[in-house]
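The values are calculated or read from the model by the stated rules, or taken from the named source; none is laboratory data. Please read these numbers as outputs of a predicted model, since none were measured by experiment. Using ideal geometry, Cβ is built from the backbone for each residue, glycine included, and neighbour counts are taken over all protein chains shown. With ligands, DNA and RNA removed, areas are computed over all heavy atoms of the protein, side chains included. Shrake-Rupley method; radii C 1.70, N 1.55, O 1.52, S 1.80 Å.
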Amino acid sequence: MTQSRTSATFPPPVMEARRWLEDVAHPVDRPLLNVSQAAPVDPPPAPLREAMAQIVMSEPEAHLYGPVLGLPALRQEIATKWTSNYGGRVNADQVAITSGCNQAFAAAIATLCNEGDEVIIPVPYYFNHRMWLDMSGVKTVPLLAGAGMIPSATEAAKLITDRTRAIALVSPNNPCGVEYPSQTLTAFRDIARAHGIALIVDETYRDFDSRSGAPHDLFADPAWDKTLIQLYSFSKAYRLTGHRIGAVVAGTARLAEIEKFLDTVTICPNQLGQRAALWGMQNLGDWLADERLEILDRRAAIEDHFPVLADKGWELLGCGAYFAYVKHPFAISSADLAPLLVKEAGVLLLPGTMFMPSDLPGGEAQLRIAFANIDRAGVATLFNRLASLQL
């Protein structure tokens, strides 16, 4: 019997990890610390919820089908903000709204790849990208991250074949947290352009980048739309995770192809979520700036408290945005260590094996900590629990 597309890939890692919680009781004095997922657990800020309530009651169009490529006002707002923030020209017809950033990636790949084509992805990788490539019949070509968990464009060039259709990057990175230097992204753009392939840059965590100003100058290139496909998410910026609003910024010809994909999958993005994202962009600048500072403080807390773990042989491989990526000192695979931590330390996190192909080494010694939902005190508690492990 022929296998289905879905059988070509692995189970969803976050759902898999949640099953480790079954039949495990957590003492009152040691509640579970869930650092497995990057999604904010708090609802949108009160002013945004109030605006959404008004939209529900007063805007009939919020309950109807809308344009496949998204709300025109939201597309224009993104184009205006991107033009200002990145120092290059982005037009509204170069922006499409998607049902979350994962769908933006799926749509881009659908326009780029045929059966047996290849996409280069740095590893450790964001596992949903690998899953979609598997289900699309596209080969994932792993590019091992180098020093500081930063991939090399020169090394990527060595992996390009006549079946390569794209290089896909995530910056700030998931799972490693690191922010790719502007010159790194430029080098990847140049390699992609020289070989006539696309450069996909997923900037889901852009709003929590520690650098001031634009993180890169890719949009300053007048011909950016010939090579670059940028992905973005509103889930993290305004806590709109359940409303599934993302965006893809690309050339108009690419978006015409993406429209076919979106029309057959969701018809249109969530109308309430789009209006909420627009309201957030227009009214929550100061609030988002404060959120960024809070996330940066939690990142600093990771670095401040890490000596507790370093003394026990742990290594901090990468840190930034929502993530810390660490190397553990134990003589067991992270695939076995992670579920054990639920029972022994009251900690739920993801093993590095979920972010690496099974035939490549490294993941068995690595763990991802998603720290966006724990404060400084929570970071200290987490590290003390990990440092106390006796294995």
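Would you check which residues across segment 135-154 are of a type in the set (A, V, I, L, M, F, W, C), modelled with pLDDT of 95 or more and open to solvent by 20 Å² or more (accessible area, probe 1.4 Å) and list them?
Across segment 135-154, the qualifying residues are MET135, LEU144, ALA145, MET149, ILE150.
Under 7 Å between Cβ atoms, which residue pairs at least 6 apart in sequence (or on different chains) link something in segment 51-79 that is at pLDDT 95 or above with a partner that is open to solvent by 50 Å² or more (accessible area, probe 1.4 Å) and assigned to a loop (DSSP other than H, G, I, E, B)?
TYR65/ILE267; VAL68/ILE267; ALA79/ASN91
Given (1) within 30 Å of GLY148 (Cβ to Cβ); (2) surrounded by fewer than 23 Cβ atoms within 10 Å (Cβ to Cβ); (3) at pLDDT 95 or above; (4) hydroxyl-bearing (Ser, Thr, Tyr), identify the lone condition not met by THR266.
With respect to (1) within 30 Å of GLY148 (Cβ to Cβ); (2) surrounded by fewer than 23 Cβ atoms within 10 Å (Cβ to Cβ); (3) at pLDDT 95 or above; (4) hydroxyl-bearing (Ser, Thr, Tyr), THR266 is out only on (1).
Within segment 15-39, track down each residue that is of a type in the set (A, V, I, L, M, F, W, C) and open to solvent by 60 Å² or more (accessible area, probe 1.4 Å).
Hits for segment 15-39 are MET15, ALA25, VAL28.
Do you know which residues across segment 98-119 are over 26 Å from MET15 (Cα atoms) and among the aliphatic types (A, V, I, L, M)?
If we filter segment 98-119 for residues that are over 26 Å from MET15 (Cα atoms), which is where we start, we get 111-118.
Once the filter is applied, which keeps residues that are over 26 Å from MET15 (Cα atoms) and among the aliphatic types (A, V, I, L, M), segment 98-119 yields only LEU112.
Which numbered condition trips up LEU367, out of (1) open to solvent by 10 Å² or more (accessible area, probe 1.4 Å); (2) over 14 Å from GLU16 (Cα atoms); (3) over 16 Å from the mean Cα position of the chain (by Cα)?
With (1) open to solvent by 10 Å² or more (accessible area, probe 1.4 Å); (2) over 14 Å from GLU16 (Cα atoms); (3) over 16 Å from the mean Cα position of the chain (by Cα) applied to LEU367, the lone miss is (1).
Identify the residue in segment 83-134 that is among the aromatic types (Phe, Trp, Tyr) and open to solvent by 30 Å² or more (accessible area, probe 1.4 Å) and, among all such residues, is farthest from the chain's Cα centre (by Cα).
Filtering segment 83-134 for residues among the aromatic types (Phe, Trp, Tyr) gives 86, 105, 125-127, 132.
If we keep only those that are open to solvent by 30 Å² or more (accessible area, probe 1.4 Å) too, we end up with 126, 132.
Details: TYR126: 7, TRP132: 14 Å.
Residue satisfying both the conditions and the ranking: TRP132.
Quick test for you: out of GLY280, GLY251, GLY242, GLY177, pick the one residue that is closer than 25 Å to MET354 by Cβ and open to solvent by less than 50 Å² (accessible area, probe 1.4 Å).
The conditions single out GLY177.
Does any residue of segment 353-365 turn out to be touching a residue at least 12 places away in the same chain (Cβ under 8 Å), in a strand (DSSP E or B) and in contact with a Ser or Thr (Cβ under 6 Å, 6 or more places away or on another chain)?
The answer is no, given that none of the residues of segment 353-365 is touching a residue at least 12 places away in the same chain (Cβ under 8 Å), in a strand (DSSP E or B) and in contact with a Ser or Thr (Cβ under 6 Å, 6 or more places away or on another chain).
Would you mind telling me which numbered condition in (1) touching a Ser or Thr at 6+ places or on another chain (Cβ under 6 Å); (2) free of Cβ contacts under 8 Å to residues at least 24 places away in the same chain ASP134 fails?
For ASP134, the exception is condition (2).
Could you list all residues from segment 311-330 that are among the aliphatic types (A, V, I, L, M) and in contact (Cβ under 8 Å) with a residue 60 or more places away in the chain? Before the answer, list the steps.
Restricting attention to segment 311-330, the residues satisfying the condition of being among the aliphatic types (A, V, I, L, M) are 316-317, 321, 324, 326.
Across segment 311-330, the qualifying residues are LEU317, ALA321, ALA324.
Just to be sure before I move on: is ALA107 touching a residue at least 40 places away in the same chain (Cβ under 8 Å) and either more than 29 Å from THR140 (Cβ to Cβ) or not polar (S, T, N, Q) (or both) in the structure I sent?
yes
Please state which of the following conditions ALA192 fails to meet, knowing it meets all the rest: (1) part of a strand (DSSP E or B); (2) without any contact (Cβ under 8 Å) to a residue 40 or more places away in the chain.
Single failed check for ALA192: (1).
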